[in-house]
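**Student:** Next up is a structure, given as structure tokens.
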Amino acid sequence: LHRVDRRQRQMCKETGTTCRVESGKWVDPYSNVEITDPGELDIDHIIPLEYASSHGGVSWDKNTKESFANDPLNLIAASASENRKKGSKGPSEYMPPNKSLHCDYAVSWITVADKYKVSVTEDDKKELSKALATC
């Protein structure tokens, strides 16, 4: 899930040692909608930061919090509008409208939750189980 979709192409302009995206074409994995304006993209945390904080992360040390926030396993490029809909919700309150993503989304959620020992509510576990059944 965290890998770049092969349908995503981008053009960037190098500025010193960085590259700024100026144009491209991406497919939002959550909605399966094509995006051509990089300003319409967000880097989403599959397990939202606020969710993690309220499910065990509040007690993490600074390094663990930083690792979690920047872990590529927990990051995905998604449309800004879909990211806003998701907010800090768990799987029982938000599953991507693109049903073909449910399996990968659940696997990613569980993998990250296990890695960082994020507790998962019973309702979220039920929804993740349903999503895994689509694999």
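**Student:** Hey, what did region 55-135 get for relative contact order, percent, Cα under 8 Å, at least 6 apart?
**Tutor:** 40
**Student:** Where the centre of each part is set by its Cα atoms, how far does region 109-133 sit from region 26-104, in angstrom?
**Tutor:** 14
**Student:** Given points 7 Å out from each Cα along the Cα-Cβ axis, report the residue 63 to residue 133 separation in nanometres with one decimal.
**Tutor:** Placing both labels 7 Å along Cα→Cβ, they lie 4.2 nm apart.
**Student:** Cβ under 10 Å from residue 95's Cβ, residue 95 left aside: what net charge do those residues give with Lys, Arg +1 and Asp, Glu -1?
**Tutor:** So the environment of residue 95 carries a net charge of +2.
**Student:** Given a 1.4 angstrom probe, what's the average accessible area per residue across region 22-135, in square angstrom?
**Tutor:** 53
**Student:** A further question on this structure: At a 1.4 Å probe radius, which order do 73, 49, 101 fall into by accessible area, largest first?
**Tutor:** 49, 73, 101
**Student:** Applying 1/(1 + (r/R0)^6) with R0 = 22 Å to the Cβ-Cβ distance of residue 49 and residue 111, what FRET efficiency is obtained, to the nearest 0.05?
**Tutor:** 0.85
**Student:** Between residue 33 and residue 89, what is the spin-label point distance in nm, taking each point 7 Å from the Cα along the Cα→C-beta axis?
**Tutor:** 1.5
**Student:** Let me ask you something else. On full extension of the chain, what length is gained from residue 40 through residue 73, given 0.36 nm per residue of separation minus the C-alpha to C-alpha distance?
**Tutor:** Working it through step by step, the gained length comes to 9.7 nm.
The values are calculated or read from the model by the stated rules, or taken from the named source; none is laboratory data. None of these values were measured; they are calculated from a predicted model. A quick note on method: Cβ atoms are made from the backbone with ideal geometry, for glycine too, and the neighbour counts reach across all protein chains shown. Only protein heavy atoms, including side chains, enter the accessible area calculation; ligands, DNA and RNA are left aside. Shrake-Rupley method; radii C 1.70, N 1.55, O 1.52, S 1.80 Å.
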